[in-house]
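Chemist: Below: one structure in structure tokens.
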Amino acid sequence: MLTSNFQQPGPDTARFRAVLGHFPSGITAITSRDTRGEPVGMTVASFTSVSLTPPLVAFLPGKTSSTFPVIAERGTFCVNVLATDQERICRALSVSGGDKFAEVAWQPGPHGDPVIDGVVAWIDCGIEAVHDAGDHYIVIGRVNDLDADSTASPLLFFRSRYNHLVSA
Ligand SMILES: Cc1cc2nc3c(=O)[nH]c(=O)nc-3n(C[C@H](O)[C@H](O)[C@H](O)COP(=O)(O)O)c2cc1C
């Protein structure tokens, strides 16, 4: 792994957030199950594909997340790419604690992890590696199975606001 000794004070956190918020993204719900079999999940914008061979993806949970340790213990998760009309699910899964799935309809995927009804795509994964990265982890997932609804439109996040695709 490449490391660097290059260190500078860097920008303050408000400026960092504001400028990085100009990078648009989709929104995912990373889902899994706890040891009792109950669904768990968290809203995550930091999702990306990583490698084709082998098929790898990544997401970055914060170290203060109470859901990520549950996902890490299980060792499997499902990435749900949220659709335009799923802002309510996005908000429900971004709150720490409570019954996040009270009003979320889902079916078990190949590993048993929740595939939420109506998502644009789902990607079923096993955890391949977890890397340390400042106040977050970089979680590498090996893709086991996946599918997409090519007629559905994604929910987008840009400058701290929810957005929809507008066709040119
Ligand atoms: C649009 C959006 C994107 C988010 N992206 C991330 C992310 O990439 N990584 C992360 O750790 N938290 C992200 N969050 C915050 C988490 O959803 C939230 O802190 C977490 O789910 C809190 O619940 P937990 O304690 O059960 O993990 C995002 C929230 C929203 C609304």
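Chemist: Just to be sure I understand the model, the point goes 7 Å from the Cα along the line to the Cβ. What's the resulting Asp99 to Val19 distance in nm?
Modeler: 4.5
Chemist: Which semi-axis lengths, in whole Å and largest first, follow from the square roots of five times the eigenvalues of the Cα gyration tensor of region 25-164?
Modeler: Values: eigenvalues 76, 59, 54 Å².
Working from the Cα gyration tensor, I get semi-axes of 20, 17, 16 Å.
Chemist: Defining a contact as two alpha carbons under 8 Å apart and six or more residues distant in sequence, what relative contact order in percent does the chain show? Intermediate results must be reported in sequence, preceding the final value.
Modeler: Numbers: 324 pairs, mean separation 43.9, N = 168.
Reported as a whole number, the value is 26 percent.
Chemist: Sticking with this one: Compute, for Thr84, the solvent-accessible surface of its heavy atoms (probe 1.4 Å) with the complete set of protein chains present, and express it in square angstrom to the nearest 10.
Modeler: 40
Chemist: Let me cross-check Ile127: its accessible surface, 1.4 Å probe, with only protein heavy atoms counted, in Å² to the nearest 10?
Modeler: Its accessible surface works out to 50 Å², give or take rounding.
Chemist: Would you mind telling me the share, in percent, of accessible area of region 25-164 contributed by carbon and sulfur at probe 1.4 angstrom? Write out the running numbers ahead of the final one.
Modeler: Numbers: 3660 of 7140 Å².
Carbon plus sulfur share of accessible area: 51 percent.
Chemist: If the only charges are +1 at each Lys and Arg Cβ and -1 at each Asp and Glu Cβ, what is the size of the charge dipole of the chain around the Cα centre, to the nearest 20 debye?
Modeler: Numbers: 12 positive and 17 negative charges, 112 e Å.
With only Lys, Arg, Asp and Glu charged at Cβ, the dipole is about 540 debye.
Chemist: What full-extension length gain, to one decimal in nm, is calculated for Asp12 and Asp147 as 0.36 nm per residue of separation minus the Cα-Cα distance? Please list the in-between numbers first.
Modeler: Values: separation 135, 0.36 × 135 = 48.60 nm, distance 4.01 nm.
Using 0.36 nm per residue and subtracting the Cα-Cα distance, I get 44.6 nm.
Chemist: Per DSSP H run of n ≥ 4, the term is -39500 (n - 2.57); total these for the chain, divide by its residue number, and report the mean residue ellipticity at 222 nm rounded to 500 deg cm²/dmol. Walk me through the numbers before you get to the answer.
Modeler: Numbers: 3 runs with 21 residues, N = 168.
Taken over the chain, the calculation gives -3000 deg cm²/dmol.
Chemist: Now, a different point. Accessible area of Ser150, 1.4 Å probe, to the nearest 10 Å²?
Modeler: Accessible area of Ser150: about 120 Å².
Chemist: Between beta-carbons, use under 15 Å as the cut-off and find the net charge around Arg142, counting Lys and Arg +1, Asp and Glu -1. Spell out each step's value before the answer.
Modeler: On the way: positive: Arg74; negative: Asp113, Asp124, Glu128, Asp145.
So the surrounding residues net to -3.
Chemist: Calculate, for the chain, the solvent-accessible area per residue in square angstrom, rolling a 1.4 angstrom probe over the heavy atoms of the protein chains.
Modeler: Working: 10390 Å² over 168 residues.
Ligands and nucleic acids excluded, the result is 62 Å² per residue.
Chemist: Additional query: When only the heavy atoms of the protein chains count and the probe is 1.4 Å, how do Val130, Val70 rank by accessible area, highest first?
Modeler: Numbers: Val130 70, Val70 40 Å².
These residues rank, largest area first, as Val130, Val70.
Chemist: I've got another one for you. Which net charge results when you count Lys and Arg as +1 and Asp and Glu as -1 among the other residues whose beta-carbon is under 12 Å from that of Val70? Before the final figure, lay out each step's value.
Modeler: Values: positive: Arg33, Arg36, Arg74, Lys100; negative: Asp34, Glu38, Glu73, Asp113.
Result for the local shell: 0.
The values are calculated or read from the model by the stated rules, or taken from the named source; none is laboratory data. Since the model is a prediction, treat every value here as computed from it, not as a measurement. Neighbour counts are summed over all protein chains in view; Cβ atoms, including those assigned to glycine, are modelled from backbone coordinates with ideal geometry. Accessible surface is based on the protein model in full, side chains and every heavy atom, while ligands, DNA and RNA are left aside. Shrake-Rupley method; radii C 1.70, N 1.55, O 1.52, S 1.80 Å.
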